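Down below is the structure, laid out as structure tokens.
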Amino acid sequence: MIILDRARNAEFGGFGGCHMDYSVVVPLYNEEEVIGECYKRLTETMISSGGSYELVFVNDGSRDKTMELARDIAMRDKHVKIIDFSRNFGHQTAITAGMDAAGSKRGCFLNVWT
């Protein structure tokens with residue numbers, strides 16, 4: 001498992017701390033067709049909430065361009081954290097890793113399917 005940009009994320013609340021109002025964990029597996037729209041809608045919703053937030057994308061061994069697209073999003077948006085698994089470990093493991101990395105007391109997870 002690789003957690004990208006740990007230093008940058010430490011600056012914005014860190015991994016595992018409780019510095020955000022909301023954490024949204026999003027397990028991803030071969031989601032290149034929907035990750036952009038998912039990100040857009042989640043961001044709009046979280047901004048309208050008025051609280052501080054983070055999106056924790058967990059790439060569960062995708063074989064398409066999901067990780068590349070997630071990395072592009074994270075480079076543009078400080079609210080996005082990425083966990084990248086070396087292979088597919090399964091949905092529940094992805095959710096657990098995302099919750100462990102979340103930096104808030106309130107978390108939820110969202111399933112995305114193509």
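Output the residues belonging to the stretch 71-102 that are under 18 Å from MET46 (Cα atoms) and either hydrophobic (A, V, I, L, M, F, W, C) or in contact with a helix residue (DSSP H, G or I) (Cβ under 8 Å, 6 or more places away or on another chain) (or both).
Passing the criteria: ILE73, ALA74, ASP77, LYS78, HIS79, VAL80, LYS81, ILE82, MET99, ALA102.
Looking only at residues that are in a helix (DSSP H, G or I) and touching a residue at least 12 places away in the same chain (Cβ under 8 Å) in the stretch 32-61, which one is farthest from ILE83 (Cα to Cα)?
SER49
Check whether at least one residue in the stretch 59-68 is modelled with pLDDT of 95 or more, more than 19 Å from MET20 (Cβ to Cβ) and under 10 Å from the mean Cα position of the chain (by Cα), and report yes or no.
Yes, the conditions are met somewhere in the stretch 59-68.
Out of GLY90, GLY17, GLY36, report the one residue that is modelled with pLDDT under 90 and surrounded by fewer than 21 Cβ atoms within 10 Å (Cβ to Cβ).
Just a single option satisfies the conditions, and that option is GLY17.
ARG71 passes all but one of (1) touching a residue at least 40 places away in the same chain (Cβ under 8 Å); (2) more than 17 Å from VAL24 (Cβ to Cβ); (3) not in a helix (DSSP H, G or I); which number fails?
ARG71 satisfies every listed condition except (3).
The values are calculated or read from the model by the stated rules, or taken from the named source; none is laboratory data. All figures in this text were calculated on a predicted structure; none of them were measured in a lab. Positions of Cβ are generated from backbone atoms using ideal geometry, with glycine treated the same way; all protein chains shown enter the neighbour counts.
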